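Comments concern the structure below.
Laboratory data are not the source of any read-out in this text; all were calculated from the coordinates shown. Note that the coordinates shown come from a computational prediction; the quantities given were computed from them, not determined experimentally. Here the Cβ is made from the backbone with ideal geometry for all residues, glycine too, and neighbour counts use every protein chain on show.
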Amino acid sequence: MRDVVVIGAGLAGLTAALRLARAGRSVTLVARGVGGLSLAQGTIDILGYTPERVLRPLDAVAAVPPEHPYAGLGPDAVAAAVTWLRDELGSELLVGDPAVNLHLPTALGALRPTALAQPSMVAADARGGLTYAVVGVRQLKDFPADLVAGNLARSTAPDGGPLGATAAWVDLPARPGEADPSGLTYARSLDDAAFADRFAVAVRDAAGAGDVVLLPGVLGVRPGAGRRLAELIGRPVAEVPLLPPSVPGLRLADALRARVAAAGVRILLGSAVTGFTADGDRVATVTVAAAGGPRALAASDFVYAPGGFESGALAVDSRGAIAETVFGLPLTAADAAGLVGPRYWAPHPLFEVGVRTDAAGRPVAGDKVVHPNLYVAGGILAGPEPWREKSGDGIAVATAVRAAAMIEGGAR
Amino acid sequence: MSRAEADRLRQRLNNELQRLTLDECVKCTICEQSCPVAGVTALFSGPKFVGPQAERFRHGASVDLSVDYCSSCGTCTVVCPQGVHVAELNSLARAVLKAERGVPLRDRLITRTTLMGRAMTPVAPVANAVLDNRLARTALEKVVGVHADAPMPTAHPEPLRAWLKRRPAPTRTPTRGPVVFFHGCAGGYFEVEAARCAIEVLEHLGFEVLVPEQGCCGLAEQSNGLFEQATASVRKLVAQLRAPATGVPIVSTAGSCGGMLKHEAHEILGLDDPGLLDVGARTRDISEFLLELHDAGELPLDFARIDLRLPYHQPCQVRSQGIGVPAAELLRLIPGLEVVESDATCCGIAGTYGLKREKYAIAQAVGRPLFELVAATHQGLVACDTETCRWQIAKATGVRTVHPIQFVHQAYGLGRVIAPSAVR
């Protein structure tokens, strides 16, 4: 029997597993896939919109409504959790101050608030008077340099000052015979020093006027390539995350997974959890669909961090019934009728549906804890649409740290 | 290959459960990120592209020939967060493609593992010499299409069955009940040492080891799109493994072949045979089996020290079984043994993929990070659970590559000490 089984391999699951393993617990992490962290921007959002754009995320965390997942945590716990992650991954991967949002250009030239970012991105943090030399790569279709520059040039920095931008292009195939490389393919080529040098020369020669050279987010799968490029280009360089496959996201995911593995966590991937057995009100085992047939994983405590609707942990059937698919946990709504807005960009209250917990992060029915040894973390929690307010990373890390702390402390 | 078989396979591709998972694909690209082949060559357009995407355009026709460059490592299915059976879809699509266009003689030859073993054993020294001969290998590449530098097994002069007959009967009375031992073709004919070690370790632990006559699991045939032959092979093997006893664990030293019994024959060949499902549910990789004993507090830990830094690679087809990395955990129980886990997705060989003339360079590129890790960390030995992967690693690095159970055998003091290759 293991001390803890963690379900889910995203930011929340990896964080909980790492914290618990470091605390000396025997941990098994089980997930249907490899987790969604590598699809994200490779930054850590705490709170970006309330719905106004947030400049100081911890202040905004202190002011969330009582049903928000942050309300039970408070700004100090959120700051401590996010700071721990930053220091754990190191300044090669994550920099920034949880108290202050950066405002980084997107691949459409909008400004996106986020708390922590990779060192290869932060030179683009928008401030009044800054000008960008946007450089696209003809082979990469997901970074339209002219559109990015045009949108940035008509944007205003959070301090109210103007921004400027120019657009230019380089034409440099990464892999022979490939007309349409993904960002990842291009990044792999840039891990090769000789190709990176050719790329730097091409960018240096092509880039227009601007304080910061803004490039697509493909500057090497390994962290650190941006520094050398900046030296060769002779100006500060910043990369912008692209559509998946997201190279900065992959860097973050690889680094966190490597730490989890090195901490001795037993990792079962490609194995969906399909159900559980109970011993009284406690969870005794979870059932895993391993190759060959179901296996029961027994543990003293369980952390459930499976994500929400996007991962299938929450599901709506054809009659509109909303369900949590493994433990059948009570949700904040049972019927999807009326919860999907009429327009794509309209609010969709369906995505606010999720699990409510006690102060320790255990699911509750009314105010009664459902299973005293089951903790939830991340996207399955009820609360505002995380992609709308840009809070998913902070919620994931802070609730995972809380779950680990409660298990370590023996909260009952 | 007949038109009728192509139609049959196409029917399955169109109708079966695998295809239903297509609609679960959200085009997230996680499989593309993880695909070892797409990472090193533009010839393979990636698991999502040839799989859930191209599948929508097939309507029975093969639309993307690059599916033949899939190595069947299965990583895409393991990493998919939505439960799409990407690898299974692509295996079926490739079988259809091959049924339509004909299967090269080479692909029929290299899949006949048992036959190769039987044919080579009586003439092992001669056969081995021929495979070591540069001229012969060049001819083999020209005529058959097996790359001249690709790793080839070495036939053992004494097959496992001959050793089982020759050795004195075990003196210890079993204390734990019977297990059926599955050694695979390689354990029977090429890497007899690993199979012997496993039998002796299991007997040392008090198990009665039943070793039925056993043939090939059909995995190599399946990976080459020869589904009819693969089906016949695995059905025969299932009957053989069920013969000696019902309900007892089936313990395997053939890493990837164990996966064939556990899930691939069911999920890729589409066999719903109750006998197969019974065997699949009872099959355990030997490291998985021993680690289960350890978790239950039933594995003696009186291991002798082995002072060694040991690179260990988990084969893709073992990882896809969803059992974690039991060999690494098991080896770490041995005092002195410093296990360096490779995080390489695949060694490149993927069964028979890396033998092929047109795929050899890709397979070497896929394996390069692993070979570099071995070169940087080894002290004369590497551990790996699957035969063809061991041959690939040994050939590429020059370092002796053995099954993890051989270290457990040595640590229990059962008489054999693994001789390292010379450290370069």
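Compared with the dominant Cα axis of chain B, that is its longest principal axis, helix B:286-295 is turned about 60°.
Answer rounded, prolate or oblate for region B:124-237, using the Cα gyration tensor with square roots of eigenvalues a ≥ b ≥ c: rounded when a/c is under 1.5, else prolate when a/b is larger than b/c, else oblate. The shape class here is oblate. In terms of other Cβ atoms within 10 Å, A:399, B:397, A:325 run from fewest to most in the order A:325, B:397, A:399. Distances between placed amide hydrogens fall under 5 Å for residue A:284 paired with A:277, A:278, A:279, all partners being 5 or more residues away or on another chain.
Which whole-number value in Å³ per residue fits the convex hull of the alpha carbons of region B:297-411?
Values: hull volume 10.7 nm³, N = 115.
Expressed per residue, the convex hull around the Cα atoms of region B:297-411 is 93 Å³.
Straight-line reach from residue B:359: taking Cα to Cα under 13 Å and skipping same-chain neighbours fewer than 8 places apart, the aspartates and glutamates in range are B:68, B:107, B:141, B:149. Working note: 222 nm ellipticity from helices only, DSSP H runs with n ≥ 4, each -39,500 (n - 2.57), summed and divided by the residues of the protein assembly as shown, gives -10500 deg cm²/dmol to the nearest 500. Spatially, region B:382-422 and region A:1-65 are offset by 40 Å when compared through their Cα centroids. Here's the list of aspartates and glutamates a cross-link from residue A:141 could span, going by alpha-carbon distance under 19 Å and ignoring same-chain residues fewer than 8 apart: A:171, A:178, A:180, A:239, B:32.
Rounded to the nearest 20, the Cβ-based charge dipole of the protein assembly as shown about its Cα centre (Lys and Arg +1, Asp and Glu -1) stands at 1900 debye.
Relative contact order, percent, of region A:153-277 when contacts are C-alpha pairs under 8 Å separated by at least 6 residues?
Taking the mean separation of contacting Cα pairs over the length of region A:153-277, I get 21 percent.
A viscosity of 1.306 mPa s and a temperature of 10 °C, combined with the Kirkwood radius over C-alpha pairs in the Stokes-Einstein formula, give the protein assembly as shown a diffusion coefficient of 56 µm²/s. Note on region A:274-412: Cα-only Rg and Dmax are 15.6, 46 Å. Short-range pairs are left out: with C-alpha atoms under 8 Å and at least six residues apart, the relative contact order of region B:155-293 is 25 percent.
At a Förster distance of 22 Å, what's the computed FRET efficiency of residue A:63 paired with residue A:385, Cβ-Cβ distance as r, to 0.05? Provide the component values of the computation, followed by the final result.
On the way: r = 18 Å, r/R0 = 0.82.
Approximately 0.75, to the nearest 0.05.
The ranking of B:235, A:19 by Cβ neighbour count inside 10 Å, starting from the fewest, reads B:235, A:19. Set against the 2.2 N^0.38 Å expectation for a compact globular protein, chain A has a Cα radius of gyration ratio of 1.02.
For region B:393-403, 3J(HN,Hα) computed residue by residue from phi via the Karplus equation (6.51, -1.76, 1.60; θ = phi - 60°) reads 5, 4, 5, 6, 10, x, 9, 4, 10, 10, 6 Hz, glycine and proline entered as x. Report the relative contact order of chain B, percent, no decimals, based on alpha-carbon pairs under 8 angstrom and at least 6 residues apart. Contact order relative to length: 15 percent. Secondary structure note: in chain A, about 45% of the DSSP beta bridges are antiparallel.
Axis of helix A:74-89 versus longest Cα principal axis of chain A: the two differ by about 60°, to the nearest ten degrees. Separation of region B:319-336 from region A:262-314 is 20 Å, based on Cα centroids. Per-residue 3J(HN,Hα) values for region B:377-392, derived from phi via the Karplus relation 6.51 cos²θ - 1.76 cosθ + 1.60 with θ = phi - 60°, read 10, 6, 10, x, 9, 10, 10, 6, 8, 10, 4, 5, 5, 4, 5, 5 Hz in sequence order (x marks Gly and Pro). Spin-label model, residue A:232/residue B:343: points 7 Å from Cα along the beta carbon direction are separated by 2.5 nm. Legend: translational diffusion of region B:202-270 by Stokes-Einstein, Rh = Kirkwood radius over C-alpha pairs, 4 °C, 1.567 mPa s; D = 101 µm²/s. The calculated P(r) of region A:16-140, using every Cα pair and 10 Å bins from 0, goes 11, 33, 35, 16, 4, 0 in percent. Overall shape: oblate for region B:3-101, with the ratio a/c of the largest to smallest alpha carbon gyration tensor axis at 1.5 or above and b/c at least equal to a/b. Taking amide H as placed 1.01 Å from N in the peptide plane, residue A:239 has its amide H under 5 Å from the amide H of A:121, A:215, each at least 5 places away in sequence or on another chain. Between 0 and 90 degrees, the angle of helix A:193-206 with respect to the longest Cα principal axis of chain A falls at about 60 degrees.
Taken along the Cα-to-beta-carbon direction at a fixed 7 Å, the label points for residue B:11 and residue A:91 span 6.7 nm.
Would you please classify the overall shape of region A:122-240 from the alpha carbon gyration tensor, given that a ≥ b ≥ c denote the square roots of the eigenvalues, rounded means a/c under 1.5, and beyond that prolate means a/b larger than b/c while oblate covers the rest? Let's see the in-between values first.
Numbers: a/c = 2.08, a/b = 1.67, b/c = 1.25.
Here region A:122-240 falls in the prolate category.
Between residue A:195 and residue B:361, take the C-beta separation as r, use R0 = 22 Å, and let me know the FRET efficiency to the nearest 0.05. Taking R0 as 22 Å, the efficiency between residue A:195 and residue B:361 is 0.70. Residue exposure proxy: A:49, B:69, ordered by other Cβ atoms within 10 angstrom of their Cβ from fewest to most, comes out as A:49, B:69. Each residue of region B:89-96 is assigned a 3J(HN,Hα), and the resulting list reads 4, 6, 5, 5, 4, 6, 4, 4 Hz, derived from the Karplus form 6.51 cos²θ - 1.76 cosθ + 1.60 (θ = phi - 60°), x at Gly and Pro. Can you pick out the pairs among A:390/B:27; B:262/B:395; B:262/B:356; B:236/B:356; A:368/A:390; B:165/B:395 whose Cα atoms lie more than 24 Å from each other? B:262/B:395; B:262/B:356; B:236/B:356; A:368/A:390; B:165/B:395, as the Cα separations exceed 24 Å there. For the pair region B:223-250 and region B:16-92, the centres of their Cα atoms are 27 angstrom apart. What the Cα atoms of chain B give is an Rg and a Dmax of 20.9, 63 Å.
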